[in-house]
1. Please give the net charge around Ser107, taking every other residue with its beta carbon less than 9 angstrom from that of Ser107, where Lys and Arg add +1 and Asp and Glu add -1.
2. So how much slack lies between Ser146 and Thr130, counting 0.36 nm per residue of separation and subtracting their Cα-Cα distance, in nm?
3. Compute the distance in nm between two label points, each set 7 Å from the Cα along the Cα-to-Cβ direction, one at Lys242 and one at Gln223.
4. Using a probe of 1.4 angstrom, how much of the accessible area of the chain is carbon and sulfur, in percent?
5. How are the Cα pair distances of the chain distributed, in percent, across 10 Å bins from 0?
6. Looking only at Ser86, Ser146, Ser29, which one moves most when the chain is put into a Gaussian network model with springs between Cα atoms under 10 Å?
7. What number, in percent, do you get for the relative contact order of the chain if the mean sequence gap of Cα pairs under 8 Å and at least 6 apart is divided by its residue count?
8. How much length would be gained if the chain were fully extended between Tyr39 and His232, taking 0.36 nm per residue of separation minus their Cα-Cα distance, in nm to one decimal?
Amino acid sequence: MSVKVHPTILDCTHPLYSKYGQNALIAYSCTITRIEDCYIVSGDDCVAVKSGWDEYGIVYGMPTQQLVVWRLTCISPTSAVIALGSEMSGGIQDVRAEDIIAINSESGVRIKTGVGKGGFVKDIYVKGFTMHTMKWAFWMMGNYGSHPDDKWDPNTIPVIQNINYRDMVAENVTIAARLEGIASDPFTGICISNVTIVMSQFAKKPIWNCTDVEGVSSDVTPQPCVALPPVHGGKACDFPEKKFPIKDVNQTTF
């Protein structure tokens with residue numbers, strides 16, 4: 001558990017195609033944290049945001065919240081630039097990611113959860129994201145089945161809501177989005193605005209694959225799935241104007 005973590009500035013390189021998962025940076029049950037000016041090459045997620053696994057994370061109840069990810073460059077051919085979960089049972093809230101560059105990565109932002117995990121992922125704000133050569137630009141999955149043991153509760157359902165993506169461009173993308181919620185518990189409050197995705201010559205259909213999700217879109221190309229209907233008037237998705245205090249903390253070197 002971390003509280004009031006100051007800026008992280010580093011170059012990090014992991015094996016790209018290793019059979020062992022190695023997340024480059026993990027924000028685990030962190031409060032008031034800033035990750036900035038990072039160049040990461042990884043065979044797993046570049047930045048993984050977590051907060052406890054199933055019943056153990058629920059009991060401990062320590063969320064990751066007030067996290068800023070700023071000026072990140074990521075290369076991750078088999079994983080996500082920023083992954084939220086799947087260990088998210090203590091909750092993930094108030095995450096802001098801005099000025100992100102993804103190169104040859106599997107997905108931009110990926111939300112991983114499933115039945116039995118409980119917890120929540122909410123109030124996520126991402127803007128200023130540039131992606132080059134991606135399998136998916138957006139990926140959410142509600143069927144992530146990894147559990148620590150057989151004590152998990154199948155009646156414990158996660159809450160995924162208020163997920164905002166805006167001001168993004170992507171090129172050479174195979175699938176624009178794979179958004180899969182949970183049948184008994186849809187992911188809600190999804191907003192995507194001012195996003196242009198240029199598909200690869202090897203693009204697969206459907207370009208947008210959406211099930212058990214609800215939200216809106218505005219100024220998005222190609223046209224999103226019917227679960228994200230366009231908002232008339234071109235309303236942009238939210239991105240809070242008030243900054244977290246950690247955003248203005250100056251780093252001290254020794």
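The values are calculated or read from the model by the stated rules, or taken from the named source; none is laboratory data. Since we're looking at a predicted model, the values are computed, not measured. Cβ placement follows ideal geometry from the backbone for every residue including glycine, while neighbour counts extend to all protein chains displayed. Surface areas here come from the heavy atoms of the whole protein model, side chains and all, with no ligands, DNA or RNA. Shrake-Rupley method; radii C 1.70, N 1.55, O 1.52, S 1.80 Å.
1. Details: positive: Arg110, Lys135, Arg178; negative: Glu106.
Combined, the nearby Lys, Arg, Asp and Glu give +2.
2. Values: separation 16, 0.36 × 16 = 5.76 nm, distance 3.03 nm.
Full extension from Ser146 to Thr130 adds 2.7 nm.
3. According to this spin-label approximation, the distance is 3.9 nm.
4. Numbers: 5960 of 11360 Å².
Percent of accessible area from carbon and sulfur atoms in the chain: 52.
5. 8, 32, 39, 19, 2, 0
6. The residue that fluctuates most here is Ser146.
7. Working: 803 pairs, mean separation 35.2, N = 254.
Computed value for the chain: 14 percent relative contact order.
8. Working: separation 193, 0.36 × 193 = 69.48 nm, distance 3.82 nm.
Contour length minus the Cα-Cα distance gives 65.7 nm.
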